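One structure below.
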Amino acid sequence: MKIIEHSGVSPVHKDTIRLAEVARAYGKHKVLDMGTGTGYVAIALAKAGSSVDATDINYAAIACAKENAVKNNISVNVFYSDLFEKVTGKYDLIIFNPPLGGVEPGWQVSIKAVIRKSILKNLVSRFVSRITQKKRIPFLKKVIDESFLHLNEEGILLLHIQSIDVPYLSRYNIKIIEKVFEHSTIVKLSL
């Protein structure tokens, strides 16, 4: 797959690639890739035969995802939406790799870029996670609750979240799929 990355758009990392692989294994037909970024996950699923809607709140990401879909000769419906604001359909699969704190200001993007290159990345990442957790947990609960309104009867929500978030989401039918990094996990939720 040919993916270009634009400034201001979260680049493709191991978690992005692994989330696409896990999502592809479910073989769902109608998919929503929320917070699409470069469009990597959306394009991977469209290549596997899924009908994909991809959303983002970042106009640079929307342009990047559209450009990558064209570059890969794949049809993906990419559009602006703040979470589910502009989403009208029901899906077999919803995928979301949320920003660390729920909403990711520019300073946080810069800090994450430095952290990823640091030998202390796991320690620093856990520290940043604890700081942002008060805002992140209500955000994740909102995403989960709204996802259930947009899932078909046997639909699935896949999230890549911080491992420390899992106990706070115990009221949901949550299944840990795998740890991607020492501090992050892909989880599956269903109705």
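The values are calculated or read from the model by the stated rules, or taken from the named source; none is laboratory data. Remember, predicted model here, so these are calculated numbers, not experimental data. Every residue, glycine among them, receives a Cβ derived from its backbone with ideal geometry; neighbour counts consider all protein chains shown. The accessibility values were calculated without ligands, DNA or RNA, using every heavy atom of the protein model including side chains. Shrake-Rupley method; radii C 1.70, N 1.55, O 1.52, S 1.80 Å.
Any idea which residue in the stretch 27-37 is most open to solvent (accessible area, probe 1.4 Å), counting only those that are within 16 Å of the chain's Cα centre (by Cα) and at positive phi?
Only one residue fits best here, namely Gly35.
Tell me, yes or no, whether the stretch 84-107 has at least one residue that is modelled with pLDDT of 95 or more, under 15 Å from the mean Cα position of the chain (by Cα) and open to solvent by 40 Å² or more (accessible area, probe 1.4 Å).
Scanning the stretch 84-107 turns up no residue that is modelled with pLDDT of 95 or more, under 15 Å from the mean Cα position of the chain (by Cα) and open to solvent by 40 Å² or more (accessible area, probe 1.4 Å).
Looking only at residues that are under 17 Å from Phe181 (Cα atoms) and open to solvent by 60 Å² or more (accessible area, probe 1.4 Å) in the stretch 11-26, which one is modelled with the lowest pLDDT? Break it down stepwise before answering.
So in the stretch 11-26, the residues under 17 Å from Phe181 (Cα atoms) come out as 11-22.
Subset that is open to solvent by 60 Å² or more (accessible area, probe 1.4 Å): 14, 17-18, 21.
Details: Lys14: 90, Ile17: 95, Arg18: 95, Glu21: 96.
By that ranking, first place goes to Lys14.
Hey, any hits in the stretch 179-191 for a residue that's open to solvent by 80 Å² or more (accessible area, probe 1.4 Å), at pLDDT below 90, touching a strand residue (DSSP E or B) at 6+ places or on another chain (Cβ under 7 Å) and more than 24 Å from His13 (Cα to Cα)?
yes
Please work out which residue is surrounded by the fewest Cβ atoms within 10 Å (Cβ to Cβ), limiting yourself to the stretch 148-176 and to residues that are free of Cβ contacts under 8 Å to residues at least 60 places away in the same chain and assigned to a helix (DSSP H, G or I).
Taking the stretch 148-176 and keeping what is free of Cβ contacts under 8 Å to residues at least 60 places away in the same chain, we get 148, 153, 163-176.
Narrowing further to those that are assigned to a helix (DSSP H, G or I): 148, 163-169.
On the way: Phe148: 14, Ser163: 17, Ile164: 16, Asp165: 19, Val166: 14, Pro167: 8, Tyr168: 15, Leu169: 16.
Looking at the filtered set, the residue picked out is Pro167.
With the checklist (1) open to solvent by less than 50 Å² (accessible area, probe 1.4 Å); (2) out of contact with any Leu (no Cβ under 8 Å at 6 or more places or on another chain); (3) among the acidic types (Asp, Glu) in hand, flag the one item Asp53 doesn't pass.
The failed condition is (2).
What number of residues in the stretch 38-60 are touching a residue at least 40 places away in the same chain (Cβ under 8 Å) and under 13 Å from the mean Cα position of the chain (by Cα)?
Number satisfying all stated conditions: 1.
So which residues in the stretch 4-19 are touching a residue at least 60 places away in the same chain (Cβ under 8 Å) and part of a helix (DSSP H, G or I)?
Lys14, Asp15, Thr16, Arg18, Leu19
Mind listing just one residue for me: the one in the stretch 134-147 that is surrounded by fewer than 19 Cβ atoms within 10 Å (Cβ to Cβ) and among the basic types (Lys, Arg) and, of those, farthest from Gly35 (Cα to Cα)?
Of everything passing the filter in the stretch 134-147, Lys134 is farthest from Gly35 (Cα to Cα).
Kindly state which strands (runs of 3 or more DSSP E) lie completely within the stretch 40-104 and contain at least 1 residues that are over 15 Å from Leu19 (Cα atoms) and acidic (Asp, Glu).
Numbers: elements: 51-56, 77-80, 91-96.
Qualifying strands (runs of 3 or more DSSP E): 51-56, 91-96.
Restricting the stretch 123-178 to residues that are modelled with pLDDT under 85, touching a helix residue (DSSP H, G or I) at 6+ places or on another chain (Cβ under 8 Å) and hydrophobic (A, V, I, L, M, F, W, C), which is farthest from Leu93 (Cα to Cα)?
Across the stretch 123-178, the extreme among qualifying residues is Val124.
Under 23 Å from Lys142 (Cα atoms) and among the charged types (D, E, K, R), is that true of Glu85?
On the way: under 23 Å from Lys142 (Cα atoms): yes; among the charged types (D, E, K, R): yes.
In short, yes.
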